[in-house]
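Step one of this worksheet: look at the structure below.
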Amino acid sequence: MTTATKHAPASPQPRALRWSDVAQLTISIGFPCVTVTLPTKPAARMTPSDQEELNVLVQQAEQILRATGLTNVGPVISALRGLAASATTGRTGHALALYASRAVQRSFRLPQTSTRRVVVESTFATRELVAALHRTPPHLLLTLYPSCAHVYEAQQHTLVLRSTVHVGDQASTAVDPTDPEELSRLTMDAFLGDVEAELARQRATFPSPLVIAGTPRLIDLFTRRSSHCYRLAGMIDTAYAQTQDELLRRSAVALERYLLARQTDALALVRRAEAGDTHLLASGIEAAWQCARRGQAVMLVVEQSYSVPGRVGGHPMDPQDYEPADPTHIHDLVDDLVEEVIRRGGQVALVDDGALTDHHRVALVTASAHP
């Protein structure tokens, strides 16, 4: 059999992950959708041992596809081989995720490890992606200086400049040039207005957490006037962060605190629903599925490692119906529930194991319970 790393069509290199990627994958429906996930060693190029493991998983996926008896799996197999071949030539993170169907070919480097598995179903398995975005989500970093502002995308230990606004980019304002204080005030006001407009444009396409860096005075001036500082994860005093490396380090610390707070907020939302009308809270996998199908989901809160083997459509499987030693063919209802909530516009929060013991490890809050 031809291995996954030879004679495969060229494919894009695996890349970092955004929420839009998860949204696109969750709306992809149609058998066969192939998901391959593999823990990898971070390196400038995939290690030989990881290549061997990837080849085994791709061949396993091919065997499953051919066993379906479908006559049109050839393009999916070719796409999967191409993704694997491309992944072996580039740098790796803590895990690799490949997604292949006749319409979709995507691959991602993940910042945390994953399970080793192959899934061939009518939808993609995206739990690893959701977990990655909850633990180390990409975010925007806005840096404010007296003469300019920069908007960066921060992800996986890198800063990528998205845009810059300079003082003087705005249209000139009619002002008495003999009054330097008034000129300075109006110039700064116009500058911050331009920064606000640019931030609004960036967040329309990248609605991620936000970190703002600058002097305390500039940050205060901007946040007082801005209506686009939602999901503000933290603020950095540039007096203590004068290099990009230091900005990125402090930004990561702020984001970690924000993520801990988000878990606390999600659990508090569950408690509010529990203390109010109990019909606003669905506890357990079956109740959560019923609620999700009615399109009432606002927030799905689920423990990190929770999984439920079952059949497509939200029906749990009896333990005797599957073999735990062979996870290849186990359908995870929690994966599907996460995707269903995202498809319907709800939010997902992953929390520590044990946090939802009283709710059978998963809880779904409806719109009426949201403050």
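No value in this document is a laboratory result; all are computed from the given coordinates. Please read these numbers as outputs of a predicted model, since none were measured by experiment. For neighbour counting, all protein chains shown are included, and Cβ atoms are generated from backbone atoms with ideal geometry for every residue, glycine included.
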Could you sort 121-127, 284-290, 65-71 so that the peptide with the highest average Cβ count within 10 Å comes first and the rest follow in order? 121-127, 284-290, 65-71
For the stretch 59-113, just the Cα set please: Rg and Dmax, both in angstrom. 12.3, 37
Using θ = phi - 60° and the Karplus form 6.51 cos²θ - 1.76 cosθ + 1.60, what ³J(HN,Hα) does each residue of the stretch 80-87 get, whole Hz, x for Gly and Pro? 5, 4, x, 4, 5, 4, 5, 5
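When ranked by the protection proxy of mean other Cβ atoms within 10 Å per residue, highest first, what sequence do the peptides 262-273, 72-83 form?
Numbers: 262-273: 16.9, 72-83: 19.9.
With the highest mean Cβ count within 10 Å placed first, the list reads 72-83, 262-273.
Where does the charge balance sit around GLU53 when Lys and Arg score +1, Asp and Glu -1, over other residues with C-beta under 13 Å from its C-beta? Could you put the intermediate results ahead of the total?
Numbers: positive: LYS41, ARG116, ARG117; negative: ASP50, GLU52.
With Lys, Arg at +1 and Asp, Glu at -1, the net is +1.
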ALA252 and ALA67 label points (each 7 Å along its Cα→Cβ direction) are spaced in nm at 4.2
Under a Cβ-Cβ cut-off of 10 Å, what is the net charge of the residues other than ALA43 that fall near it, where Lys and Arg count +1 and Asp and Glu count -1? +2
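Taking 4 °C and 1.567 mPa s as the conditions, I'd like the Stokes-Einstein D for the stretch 16-154 in µm²/s, using the Kirkwood hydrodynamic radius from alpha carbon pairs. Let's see the in-between values first.
Working: Rh = 15.9 Å.
In µm²/s, the coefficient is 81.
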Explain nothing, just compute: Karplus ³J(HN,Hα) = 6.51 cos²θ - 1.76 cosθ + 1.60, θ = phi - 60°, for every residue of the stretch 120-128 in order, whole Hz, x for Gly and Pro. 10, 9, 8, 9, 8, 8, 10, 4, 4
Sorted by average packing, counted as other Cβ atoms within 10 angstrom per residue and highest first, what order do 294-302, 346-354 take? 294-302, 346-354
